[in-house]
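Below is one structure, written out as structure tokens; the observations come after it.
The values are calculated or read from the model by the stated rules, or taken from the named source; none is laboratory data. Here the structure is a predicted model, which is why all the values come from computation and not from measurement. Cβ placement follows ideal geometry from the backbone for every residue including glycine, while neighbour counts extend to all protein chains displayed.
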Amino acid sequence: MRVGVLAVQGAFIEHEKILQDFGVECLELRNGKDVRQDVDGLILPGGESTTQGKLLRELDMFEPLREKIAAGLPVLATCAGLILLAGQLANDSARYFATLPVTVKRNAYGRQLGSFYTEEQFGDLGEVPMTFIRAPYIESAGEGVEILAKVHGDIVGVRYRNQIGLSFHPELDEDRRIHQMFLGSINGGKSSPCKKKAV
């Protein structure tokens, strides 16, 4: 199994470490040549969505990635990655891949609650740790979107077909269940896609 990790900006190294712990090969996606290679899944990390969107276009990565996602490539998108997937942004006219039928509000928690930690129910995984850093949230979800998690009544986790979109950063906590769920979606829905490496 090989997973591509968008590596033009943001918190991609933390995702790579988790994948490597599961014995998964990582391919850093840095240019158009990289994104045209075969991968089994894709991670869009947190960071600065405007910068990422700009670099995706400048580096000839945008359209090949959008086509792969639209064709069904499994995707885990966190924070800025969620903004890249969103069909609409409530407080910004920009649109990026627009493959996920949700409306997302950028920097939704403002400065005072710009960063916080909580633990909430996530799908059928039970309570999971959630670290938010100047995070967006999902104002509304379209038809067919499964809501996986809410915090303070706001939607912070969804799944739509091949796409998992999160407002928070699971790569910054020790809990690995969300990454395992993502890898399981690549592996035909099995919960244990690969053995974790011994440490």
Item to complete: Provide a single number: the residues in region 17-29 that are under 19 Å from E48 (Cβ atoms) and surrounded by 20 or more Cβ atoms within 10 Å (Cβ to Cβ).
Response: 1
Worksheet item: Can you tell me which of G165, G123, G157 is at pLDDT 95 or above, on the phi > 0 side of the Ramachandran plot and either in a strand (DSSP E or B) or of a type outside the set (F, W, Y) (or both)?
Response: G123
Discussion item. Among the residues of region 81-104, are any assigned to a helix (DSSP H, G or I), in contact (Cβ under 8 Å) with a residue 60 or more places away in the chain and touching an Asp or Glu at 6+ places or on another chain (Cβ under 7 Å)?
Written reply: no
Worksheet item: Within region 64-79, how many residues turn out to be over 8 Å from the mean Cα position of the chain (by Cα) and touching a residue at least 60 places away in the same chain (Cβ under 8 Å)?
Response: 4
Worksheet item: Any idea how many residues of region 1-39 are in contact with a strand residue (DSSP E or B) (Cβ under 8 Å, 6 or more places away or on another chain), without any contact (Cβ under 8 Å) to a residue 60 or more places away in the chain and assigned to a loop (DSSP other than H, G, I, E, B)?
Response: 5
Discussion item. Can you go through A90, A94, A108 and tell me which one is over 21 Å from L42 (Cα atoms), aliphatic (A, V, I, L, M) and touching a Pro at 6+ places or on another chain (Cβ under 7 Å)?
Written reply: A108
Worksheet item: Which number in (1) within 19 Å of H15 (Cα to Cα); (2) among the hydroxyl-bearing types (S, T, Y); (3) loosely packed, with under 13 Cβ neighbours inside 10 Å marks the one condition that S93 misses?
Response: (1)
Discussion item. Closer than 22 Å to E146 by Cα and crowded, with 19+ Cβ neighbours inside 10 Å: is that true of L100 in this structure?
Written reply: yes
Worksheet item: Of all the residues that make up region 173-197, how many are of a type in the set (A, V, I, L, M, F, W, C) and either in contact with a His (Cβ under 7 Å, 6 or more places away or on another chain) or modelled with pLDDT under 55 (or both)?
Response: 1
Item to complete: Filter region 32-49 for residues that are surrounded by 15 or more Cβ atoms within 10 Å (Cβ to Cβ) and not aliphatic (A, V, I, L, M) and give the result.
Response: G32, D34, D40, G41, P45, G46, G47, E48, S49
Item to complete: State all residues of region 62-94 that are over 25 Å from P170 (Cα atoms) and in contact with a helix residue (DSSP H, G or I) (Cβ under 8 Å, 6 or more places away or on another chain); if no residue qualifies, say none.
Response: P64, A94
Practice prompt. Specify the residue that is nearest to D175 (Cα to Cα); the eligible residues are those in region 22-55 that are in contact with a Lys or Arg (Cβ under 6 Å, 6 or more places away or on another chain) and of a type in the set (D, E, K, R).
Written response: E25
Practice prompt. Kindly check whether there is at least one residue in region 129-150 that is part of a helix (DSSP H, G or I), in contact with a Lys or Arg (Cβ under 9 Å, 6 or more places away or on another chain) and of a type outside the set (K, R).
Written response: no
